[in-house]
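First up is the structure itself, then whatever we jot down about it.
Read the figures in this text as sums done on the coordinates, not as results from a lab. Please read these numbers as outputs of a predicted model, since none were measured by experiment. Cβ coordinates were reconstructed from backbone atoms using ideal geometry, including for glycine residues, and neighbour counts include every protein chain displayed.
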Amino acid sequence: MGAPWFKIQHFADSEGLVALSANFALYGDLSDRMMSLAAGLGPKQEIYSIDESFIDLTGMPGDLVERCRKVRSRILRWVGIPCGIGICATKTLAKLANHIAKTAERKPGSYPSHLAQVCNLAALSAEELRAVLVATPVNEVWGVGRRITEQLTEAGVCTVQDLIEIDPATVRRRWSVVLERTVRELQGVSCIGLEDGPSIKKEIASTRSFGHAVTELVDLIEAVTEFSSRAAVKLRKQGSLANQVMCFARTSPFRDDPQFSRSITVPLRRPTSDTAAIAGAAVAGIRAIYRPGFNFAKAGVMLLDLQPASMHQSELILEDDQEADKTRLMTIFDQLNRRYGQGTIQVASIGLTGDRRLWSMKQERRTPAYTTRWADMLVVRA
């Protein structure tokens, strides 16, 4: 999937390799724009990832392929992002159709040309559908990973058509109920419903690789405080509370340095989404595992044992209970940072040295945030 930049940077001169640093603000904004346009396909949309969504086309009139081609053309024209669209009766088949749509365009001859860009498996004849499924390796099925692929291949199941023809009960008995559900989806039986809203995360993590090696505890404290703040914002956004905070720090396995990798889980006194409490636990954890003499390359924070914010466990009050005040404080905290920009208000242990801290990502090759930052906006002159 990737390689460390220092191992392949010589290709920039010899092969014209183009390398860009992560630009999360730009990616997120372009994703939002693309998803808003894709939502025009149907009444219900489930955003599955930053570049993928499921849309319910039930009851939509007219030629669905033509409708999808128009929306795809609009996304390409307005956002500049090409995409593939797959249509079928279940989510697993729709994902498979999307793969066929992209492959047919990128590799002419792999599938019939009329399936490129937009592929409607439900509109194919039985003979053409079978030919397409026979030409598709089983590992292209959503949820069929490397290990399952190896086991299926050993059993003589090499193509999607082979998998469809297996009895679901046999699949459940020999492999798992998850793979059985996949087979049923491939057979046209919907087993995975459309989720109108994003699913609640069971764990929330915020991690980063450092732009430069970090050796001092104070820099690690700044980093985990920043990561704790980001994780706490996500926690409050989904309406959850955390019971435990896990933090870790490690050196780079690619450097010829003394190696270090440790983590620690710190329980919280009570479930909370308060940034200060979460950051305090993370700082306590990083202090406990820190050892001098190492070049730390990465650290992170993970919030564990999450529960809905509507659930509260009471306890005997032996001191002033300011939980309600903290909730109001965090609400104002988030509102100000949304309005005036991330980092407008922050926990003091993050440090006051500005955006370019020692542990910040280098991002020397980051493209401008054209759509989310006034200073980076393109100016067109006549």
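Can you give the helix-only mean residue ellipticity at 222 nm for the chain, where every DSSP H stretch with n ≥ 4 adds -39500 (n - 2.57) and the sum goes over all residues, rounded to the nearest 500 deg cm²/dmol?
Working: 13 runs with 148 residues, N = 382.
So the helix-based figure for the chain works out to -12000 deg cm²/dmol.
Could you give me the ³J(HN,Hα) list for region 67-82, computed from phi with Karplus coefficients 6.51, -1.76, 1.60 and θ = phi - 60°, whole Hz, x at Gly and Pro?
4, 5, 5, 5, 5, 4, 5, 5, 4, 5, 6, 8, 10, x, 10, x
Take LYS107 and ASP32, extend 7 Å from each Cα along the Cα→Cβ direction, and tell me the distance between the two endpoints in nm.
3.7
Cross-link partners among lysines for LYS298, C-alpha distance below 20 Å, same-chain residues fewer than 8 apart left out?
Partners within reach: LYS7, LYS362.
Taking the alpha-carbon distance from LYS234 and a cut-off under 14 Å, which aspartates and glutamates remain once sequence neighbours fewer than 8 residues away in the same chain are dropped?
GLU203, GLU226, ASP274, ASP334
Charges at C-beta only: +1 for Lys and Arg, -1 for Asp and Glu. How large is the resulting dipole of the chain about its Cα centre, in Debye rounded to 20?
Working: 48 positive and 42 negative charges, 120 e Å.
That gives a dipole near 580 debye.
Take ASP51, ASP256 and order them by how many other Cβ atoms sit within 10 Å, fewest up front. Spell out each step's value before the answer.
Values: ASP51 13, ASP256 6.
Lowest to highest Cβ neighbour count: ASP256, ASP51.
For Cα pairs less than 8 Å apart in space and 6+ apart in sequence, what is the mean separation divided by the residue count of region 5-138, i.e. the relative contact order in percent? Show your work: numbers first, answer last.
Working: 140 pairs, mean separation 20.0, N = 134.
Relative contact order here is 15 percent.
Can you tell me the convex hull volume per residue for region 5-138, based on C-alpha atoms, in Å³ to the nearest whole number?
On the way: hull volume 20.4 nm³, N = 134.
Spread over its residues, the Cα hull of region 5-138 gives 152 Å³ apiece.
Taking 8 Å as the Cα distance limit and 6 or more residues as the minimum spacing, I'd like the relative contact order of the chain as a percentage.
Working: 553 pairs, mean separation 60.9, N = 382.
Averaging sequence separation for qualifying contacts and normalising by length gives 16 percent for the chain.
Using 7 Å Cα-to-Cβ label points, what is the SER190/ALA22 separation (nm, one decimal)?
Roughly 3.6 nm, to one decimal.
Within the chain, what's the longest run with no trypsin sites (Lys or Arg not before Pro) in a DSSP loop and at most 16 other beta-carbon atoms within 10 Å? Give the range, please. Present the calculation step by step, with values, prior to reporting the outcome.
Values: sites that count: LYS201, LYS202, ARG255, ARG356, LYS362, ARG365, ARG366, ARG373, ARG381.
In short, 1-200.
Going Cα to Cα from LYS237, which lysines come in below 23 Å? Please leave out same-chain ones fewer than 8 positions away.
Those lysines meeting the cut-off are LYS44, LYS201, LYS202, LYS326.
How much length is gained on full extension from SER310 to ARG262, taking 0.36 nm per residue of separation minus their Cα-Cα distance? Before the final figure, lay out the partial values.
Working: separation 48, 0.36 × 48 = 17.28 nm, distance 3.37 nm.
The span from SER310 to ARG262 would gain 13.9 nm if fully extended.
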